[in-house]
Structures are given as structure tokens and as C-alpha cells.
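To start, the structure itself, in C-alpha cells.
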Amino acid sequence: MDLDSFFVSVERKNNPKLIGKPVLVGGSSDRGVVASCSYEARSYGVHSAMPMRLAKQLCPDAIVVRGDHDQYSKYSNEVTDIIRESVPLYEKASIDEFYVDLTGMDKFFGCYKLATEIRKKIIHETDLPISFALSVNKTVAKIGTGEVKPNNQIEIKAGTEKEYLAPLSVRKIPMVGDKTYQILRGMGIEKVKTVQEMPAKVMQQVLGDNGLSLWKKANGIDNSPVEPYNERKSISTECTFEQDTIDTYHLKRVLVSMTEKLAYQLRSEEKLTACVTVKIRYSDFNTYTMQAKVPYTALDSVLIEKVKELFDKLFQKRLLIRLIGVKFSHLIRGTYQFQLFEDTAEQVQLYAAMDKLRQRFGEEAVMRAAGLGLNKRETSLFNGVKAALSMTGALSRNSQNNKITLGDSQLDGSSD
């Protein structure tokens, strides 16, 4: 089940004047990024993650709306609640996408009938359009949903998966991006049917393990289970100081480093968080926590600000602190780029470049200046391979045992 042009649909629900018009959700400046676009705008060639300047050139009459994290999170949770109450097992794949396992339900209701009723209930109670495809596995269901959009539904009966997929473009297979598509086009492959007719070993020789996986998906083979969604799923980290401290400046530096590491972990796993928790243990061993809901995000700048805010509210006793901790919970799958409603295309590229450097050279390859100078015990959670880097063009290798430190102002987009 997939909410159609979710961000745009929410904006239209709150402002009916946008209905039927080309709408772009994202950064309002020319340097911004398109987070979502209406089907009217897509007809001009506009798509998500496109620079806003280019989108405006393709569709001059488009209406640009700055995104509203809070509203999107609110309606996503409303849809989640309806699905939770209606089915035995579901997976929240992203802020607007769900997988539902209806195995065995045909004995009681009929799977297609039940799915139809759930869709009608979501539309009635939230006034948001949603599409679904019912099939034997996640891959075929996802492709089918994309084909019947907007605001429609389909059942792909068991045994007809290959037949249904055959005439579609290979780009419809979820794992096929621009690079893979170019390789396949170079091989003369354009339709899924061609992949179906090729030996699996040939695809594996060309694309490695990804080639074998692509061949299986093209043939409608996908044994991945629907993973139960659990809002309590979380990631966290703590730091116990060698000496109890009341130095708030130092404490916040440690919190920044901890938050930065956890945010990078979120992005690496393609997850977003909707709840931030800060923990303080005083020298008398009394422990206190405070949490706050946030719009789904994985951005350092957003999460660091919230962590600092919670710390300031929680640290009231003015006693020596023994331990501090940070936790992100209510996790869902999702990529942070599409949450950047107020950020420029350059900032999207900056985060992507920083994460690529960390993946290659270790987590300490790029870090905020606030994380420098912490002792070994305090940085043990953030150890990584020191790398040779320089700020030339797209950030490249230069000299040994150097780090790049980026001040908060740069990451917040307030300077070049």
C-alpha cells in the first residue's frame, strides 16, 4: 500500500486550491530540491530530487510549497494506526509505504476484499489517496502499485507474475537505478521479458550478485518476508565520564559527537527517526530521561538541535554528571534527502559526500569541530580510520593522518 504523492496530497488536503494544479514540494529557492511533485508536474518531466531551478524551467506554472514535517508525520501515523488495527502483520517500509501480509486471511474475508476495505477506510478517514497491489510477494506488489497509481488498486493472481512483469521496462524493477539501467541498455535489454529469457548465470557474470537478484525479481521471485513493524525499535549510545562533570560546554560537545554518529548510522541503514531521547545520570546515580517527538528525519542539524534542547530542559539539578546518553526510536525506513524541504541541492550533496567519505575512511574522517579534543574514553564510540582528505571539488584524498572538520554553520547551510 502506497500513499500517492504523499506530501502533495497532504498539502492539497490542507489547501484545496492546489487540487488539479502542478505542485512542487521542497525548498522554495532556486537552489532548493524537489521533495515531491504532483502528477500534473510530472507530465512536464519533473521528478523527486530534481533541483528546483530545473523543475521550474520544465514547469513554469508550478506552485512551490515549502514542506511541513509535522503534518506529514501526523498523517503517516494516522494511516499506520488504521493498518495496525486492520491486519495481522504489516511492515512500515517508509513514511508513506506499507507492506501487509494477508496470508491465510482468504479463509475468512478474501484477501482482495479485505485490502479493498482497508483502502476505502484510509481514504474515508484521512481524505488521502492511496493505491495497492495484491500479489504473492513484496517485489511484484511494489511494482504493481506503481503501475496502478494514482489512487487505484489491482490484484496480480498467483502464477501470473511473470506474465504481468514481462512487458514492463526494466526500470520498473526496484533495484534498477540509472547506472544499472545504462548497463542493461548497453546489452540491448529494455523490457523485463528479455531478462526473464536470459540465463541467470549471464546476469550474474555481468552484474555479480546484484545480477542474480535482478533476474529473480524479473521472474517474480522474492522470498523476503514482511518484517513486523515495531515502533519501539531504536538505536542509542551512552558515555560514562572518567570524572563526574558539570561543564555544560564539554557535555554538549560530547552530545554533538554522539548525535552525529547516530545520525550517520541512521542514514547508512536508510532509516529515519521520529523520537529523540536524552539521558542523564548524576553522581548520586539518580537517572533521568526526557524525550520528544520529531518529524521523521536523519539529519544531524535537526537532531543535534533537538538533543541540545532536551538536555537544557533536563539538566535542572546542577549536580555533577556521571553519564549522558542519546537514543533515537520510532524508526522507519527512508532516505533523508527527501526530508530536506529547506535545504539547498548543495547541502544534499554535502551530506552525501560526507557519508561516502565515512564509509570509505571511517566515521572520524569527517566530523564537526565540537568533536575534536575529546579524550579517548569519550571518543571510543566514535573511533574510525583516519584518512587523507582535502576540500577540492567533491572532497578528495590529499595527505596522511588529517581530518576535515566542518563547523556547525557550514552543515546548517548558513555559509558556503
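The values are calculated or read from the model by the stated rules, or taken from the named source; none is laboratory data. All figures in this text were calculated on a predicted structure; none of them were measured in a lab. Ideal geometry is used to build each Cβ from the backbone, glycine not excepted, and the neighbour counts take in all protein chains shown.
So here's what we get for this one:
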{"read-out": "When residues of the range 48-63 are limited to those that are at pLDDT 90 or above and surrounded by fewer than 20 Cβ atoms within 10 Å (Cβ to Cβ), the one nearest to THR116 (Cα to Cα)", "value": "ILE63"}
{"read-out": "Residue ID - nearest to the chain's Cα centre (by Cα), chosen from residues in the range 300-322 that are of a type outside the set (A, V, I, L, M) and outside any helix (DSSP H, G or I)", "value": "PHE315"}
{"read-out": "Those residues of the range 295-307 which are modelled with pLDDT of 90 or more and either over 18 Å from THR245 (Cβ atoms) or loosely packed, with under 15 Cβ neighbours inside 10 Å (or both), in sequence order", "value": "LEU303, ILE304, GLU305, LYS306"}
{"read-out": "Cβ pairs under 6 Å, 6+ apart, first in the range 249-275 and closer than 14 Å to LYS308 by Cβ, second among the small types (Gly, Ala, Ser) and surrounded by 22 or more Cβ atoms within 10 Å (Cβ to Cβ)", "value": "ALA263/ALA298"}
{"read-out": "Evaluation of LYS138 against (1) over 30 Å from TRP215 (Cβ atoms); (2) at pLDDT 95 or above; (3) not aliphatic (A, V, I, L, M) (one fails), failing number", "value": "(1)"}
{"read-out": "Candidates LYS327, LYS313, LYS317, filtered to the one that is over 30 Å from PRO228 (Cα atoms), modelled with pLDDT of 75 or more and of a type in the set (D, E, K, R)", "value": "LYS313"}
{"read-out": "Residue among THR240, THR245, THR194 that alone is in the same structural domain as THR287 (by TED's automatic domain parsing), surrounded by 15 or more Cβ atoms within 10 Å (Cβ to Cβ) and polar (S, T, N, Q)", "value": "THR245"}
{"read-out": "All helices (runs of 4 or more DSSP H) inside the range 175-272 with 2 or more residues being of a type in the set (Val, Ile, Thr)", "value": "178-186, 192-197, 200-207, 248-268"}
{"read-out": "Residues satisfying the stated conditions in the range 1-49, i.e. of a type in the set (A, V, I, L, M), without any contact (Cβ under 8 Å) to a residue 60 or more places away in the chain and touching a Cys at 6+ places or on another chain (Cβ under 8 Å)", "value": "VAL8, VAL23, LEU24, ALA41, VAL46"}
{"read-out": "Conditions (1) crowded, with 19+ Cβ neighbours inside 10 Å; (2) in a helix (DSSP H, G or I); (3) at pLDDT below 90; (4) not charged (D, E, K, R); number of the one not met by GLN71", "value": "(1)"}
{"read-out": "Selected residue [surrounded by fewer than 22 Cβ atoms within 10 Å (Cβ to Cβ), under 21 Å from ARG322 (Cβ atoms) and polar (S, T, N, Q)] from GLN291, GLN265", "value": "GLN291"}
{"read-out": "Residue tally, condition surrounded by fewer than 18 Cβ atoms within 10 Å (Cβ to Cβ) and of a type in the set (A, V, I, L, M), over the range 106-160", "value": "5"}
{"read-out": "Pick from the range 32-56, criterion of a type in the set (D, E, K, R) and more than 23 Å from PRO16 (Cβ to Cβ), ranking: farthest from the chain's Cα centre (by Cα)", "value": "LYS56"}
{"read-out": "Evaluation of ARG360 against (1) assigned to a helix (DSSP H, G or I); (2) modelled with pLDDT of 65 or more; (3) closer than 28 Å to THR240 by Cβ (one fails), failing number", "value": "(3)"}
